[in-house]
Amino acid sequence: MLRSLLFLPGNNPNMLVNGDILGADATILDLEDAVAPDEKDAARILVRNSLTYLNYSSIQTVIRINSLDPNGFWKLDLSELIPLKPDFILPPKVNSADDIKELSEFITQLEQKSGIEVGSTGFIPLIETALGVENAYTIASSSPRVKAIFLGAEDLTADLGCARTTEGDEIFYARSRIVTAARAAGIQAIDTPFTDINDEEGIFADAALAKSLGFSGKASISPRHVKAINNVFSPTAAEIDYAHEVLDAIERAKAQGKGAISLYGKMIDKPIVIRAEKVLEIAAQINGRGGEYSE
């Protein structure tokens, strides 16, 4: 479960050293957009040293590598960092299943060379082009390594030739497409960051909208947004209590030999049971990490 994913520039040692105490479920160590071309090598070394010497055991580690283009930066990124066993690789601007195939083949070679179980490195493809959105399901279902897909709205709106707005109407279709593709493939859907770091009401509203569409988590470019994201994507105590009541009601129905039962005047059917099980699954994962539930 990834409620919150926090981007940390790979060339910023002050942020990297605090990556495990900022409250996010995962930290994205960024070697792409946050790093100037002449700092790529230095950032790669800094991220390598961070994974080697800092304690990130309480969070998931994600590496945003450079684009899968002929410049070769992405292969240097992976060659340096795969031996350190990051949980996920975040390839940017993924347009097709072929991109995932190329990435997987290269990482398989590195895993074998490093004595790492083949397939243990997960992928979270970043979809931020019109072509990527249209190919979202084939990307999501292209490999068992793909554990989530992630919408990148800033580059997407540039590709679409439209303005990026706070309301987000311009990415409504893309959001819906990403969620549908992810759910059809049985993986998580991660929403784009809310980029106004000073708008505390805006991040709550944007995260709530994403959750209402079916996203399971959201990325952030600021530690200030992590608490709001975790709050929105966590079940409330009331939701957890109700989920327990639903499952208890189903057990009573089974004991009585009934095919259906009502709770508070509402029939409990399979979709309600599935939602209740999911709430309790998320709550168990949060509890296991020592996290807090929604207010």
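Read-outs: derived from the displayed coordinates by stated rules, not from any lab. Just so it is clear, the structure is predicted and the values come from calculations on it, not from any experiment. Ideal geometry is used to build each Cβ from the backbone, glycine not excepted, and the neighbour counts take in all protein chains shown.
Stretched out straight at 0.36 nm per residue, the stretch from ASP98 to ILE197 would grow longer than its current Cα-Cα span by 32.1 nm. Using just its DSSP H runs of length 4 or more, each adding -39500 (n - 2.57), the chain gives a mean residue ellipticity at 222 nm of -14000 deg cm²/dmol after division by all residues. Pairwise alpha-carbon distances in segment 237-288 exceed 15 Å for 45% of all pairs. Listed cross-link partners LYS254/LYS278; LYS85/LYS278; LYS218/LYS254; LYS227/LYS266; LYS218/LYS258; LYS75/LYS227 are compared with a 31 Å cut-off, the Cα-Cα value being larger for LYS218/LYS254; LYS227/LYS266; LYS218/LYS258; LYS75/LYS227.
Taking 0.36 nm per residue of sequence separation and removing the Cα-Cα distance, the GLU281/ASP241 pair yields an extension gain of 13.1 nm.
Label point 7 Å out from THR166 along Cα-to-Cβ: which residues of segment 186-209 have amide N under 16 Å? So the set is 194-209. As a ratio to 2.2 N^0.38 Å, the alpha-carbon radius of gyration computed for the chain takes the value 1.06. Each Lys or Arg adds one and each Asp or Glu takes one away; over the other residues whose Cβ falls under 13 Å from the Cβ of LEU84, this sums to -1.
Estimated at 0.36 nm per residue, the fully extended path between PHE106 and LYS270 surpasses their Cα-Cα distance by 54.8 nm. Among ILE187, ILE63, ILE124, the largest mean-square fluctuation in a Gaussian network model of the chain (Cα springs under 10 Å) belongs to ILE187.
Short to long, the 10 Å bins of the Cα pair-distance histogram for segment 149-235 hold 18, 53, 28, 2 percent of all pairs. Charged neighbours of ARG44, selected by a Cβ distance under 13 Å, balance to -3 (K, R count +1; D, E count -1).
Dipole check for the chain: with +1 at the C-beta of Lys and Arg, -1 at the C-beta of Asp and Glu, and the Cα centre as origin, the magnitude is about 1040 Debye. With the simple model of a label 7 Å out from the Cα in the direction of the Cβ, ALA42 to ARG183 spans 4.6 nm.
Within the chain, antiparallel bridges make up roughly 5 percent of the DSSP beta bridges whose residues both belong there.
P(r) for segment 1-73, from all Cα pairs and a bin width of 5 Å, is 3, 18, 29, 24, 14, 8, 3, 0 %, short bins first.
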